[in-house]
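Just below is one structure, and these are the notes that go with it.
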Amino acid sequence: MKKMLLLCCLLYAGLLMAQDTTVRDLRKQTERTIKKDSADTTNWVWKTGGLYTLTVSQGSLSNWAAGGDDFTLSLNTILSLFAFYRKDRHNWDNTLDFAYGFVRTTSTGSRKNDDRLDLLSKYGYAIAPKWNIATLFNFRTQSFKGYQFHSDNTKTLISNFLSPGYVLFSIGMDYRPNQWLSVYLSPITTRWVIVKDDSLSQKGLYGVPAGKHSHNEIGAFVTASFLKDLAKNITYKGRLDLFSNYKHNPQNIDITMTNILAIKLWKSLALTWNVDIVYDDDTRIFGPNGTSARTQFKSLVGVGLALRF
């Protein structure tokens, strides 16, 4: 009986020691610090934000010897939004840019000086540290009617919503050397040029045959996007698009370049500079007979409201 009692005591003590060791091991596991890999971005799913600017200026003259318009008013607004998705090897970039501006004077009346609606969506799958296989969709047009003004105070309608409009779809490679720059290259891209307005369609503008409302093009496409805070109070966003139409004059490359520079001056007050450069070989509305293509340049500088979010 004594032997049995001694044996039970030894077994019970052994169980207590084993349990105590297990508890200590579990406690060490739960209390240890887990180091996160600096390259681990699994927690970054969506990153969203944008920039909104509003610039207003007004001037009045009365009995002014140097001359000028009695009244001038200009307004320019830009809304630039982005939504970026990152998860494992997947990345999806979405940007939406809307810009509108007009100027009114007593001598020329009201005219718009800016009008742009641009949506870009790009999905990529990483196959190397800086390279993705990617697909891209882009829609670009203007929102309101645009006119060409003549010296005899007459005007001619030259643009409208979806006149022209551009819808582009492509498959290619996306090069990302860092988080601010993306360079997308596609040897096969399809683009539809749309002229929805019937009066403009009859004129055969923007490369769309007269009487037709759309025209398809096949070509090569390159786009480079840059978005970065250059300094604490300075933000720059730029994009360059290049398209070569294999079907017609591939050597004449269409160029679209947009630039937005915002410098914060005080709280919500900022200096903004918007520069656009466009060349479209099919936009032949310039020259003496309105049959030439030319490089289009636009620069808008102003001080006003600027909100980042």
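The values are calculated or read from the model by the stated rules, or taken from the named source; none is laboratory data. This structure is a prediction, so every number in the text was calculated from the model and none was measured. So basically every Cβ, Gly included, is an ideal-geometry build from the backbone, and we count neighbours across all protein chains shown.
Among the listed residues Ser143, Ser107, which satisfies the condition of being closer than 21 Å to Ser299 by Cα and part of a loop (DSSP other than H, G, I, E, B)?
Working: Ser107 fails: closer than 21 Å to Ser299 by Cα.
Residue meeting the stated conditions: Ser143.
Does the range 41-67 hold any residues that are modelled with pLDDT under 80 and either surrounded by 14 or more Cβ atoms within 10 Å (Cβ to Cβ) or not small (Gly, Ala, Ser) (or both), and which are they?
Passing the criteria: Thr41, Thr42, Asn43, Trp44, Leu61, Asn63, Trp64.
Name the residues in the range 193-204 that are outside any loop (DSSP other than H, G, I, E, B), surrounded by 15 or more Cβ atoms within 10 Å (Cβ to Cβ) and not small (Gly, Ala, Ser), would you? Break it down into steps so the answer makes sense when it comes.
Filtering the range 193-204 down to residues outside any loop (DSSP other than H, G, I, E, B) leaves 193-194, 198-201.
Narrowing the set further to residues that are surrounded by 15 or more Cβ atoms within 10 Å (Cβ to Cβ) leaves 193-194, 200-201.
Correct list: Val193, Ile194, Leu200.
Give the residue, chosen from Gly290, Gly207, Gly211, that is in contact with a helix residue (DSSP H, G or I) (Cβ under 9 Å, 6 or more places away or on another chain) and not in a strand (DSSP E or B).
Result of the check over Gly290, Gly207, Gly211: Gly211.
Of everything in the range 120-175 that's of a type in the set (Lys, Arg) and closer than 23 Å to Gly238 by Cβ, which residue is surrounded by the fewest Cβ atoms within 10 Å (Cβ to Cβ)?
Result: Lys130.
Counting just the residues of the range 293-309 that are part of a loop (DSSP other than H, G, I, E, B) and without any contact (Cβ under 8 Å) to a residue 60 or more places away in the chain, which one comes out nearest to Tyr52 (Cα to Cα)? Show your work before the answer.
Of the range 293-309, the ones part of a loop (DSSP other than H, G, I, E, B) are 293-295, 309.
Now drop any that are not without any contact (Cβ under 8 Å) to a residue 60 or more places away in the chain, which leaves 293-295.
Working: Ala293: 32, Arg294: 30, Thr295: 28 Å.
It comes out as Thr295.
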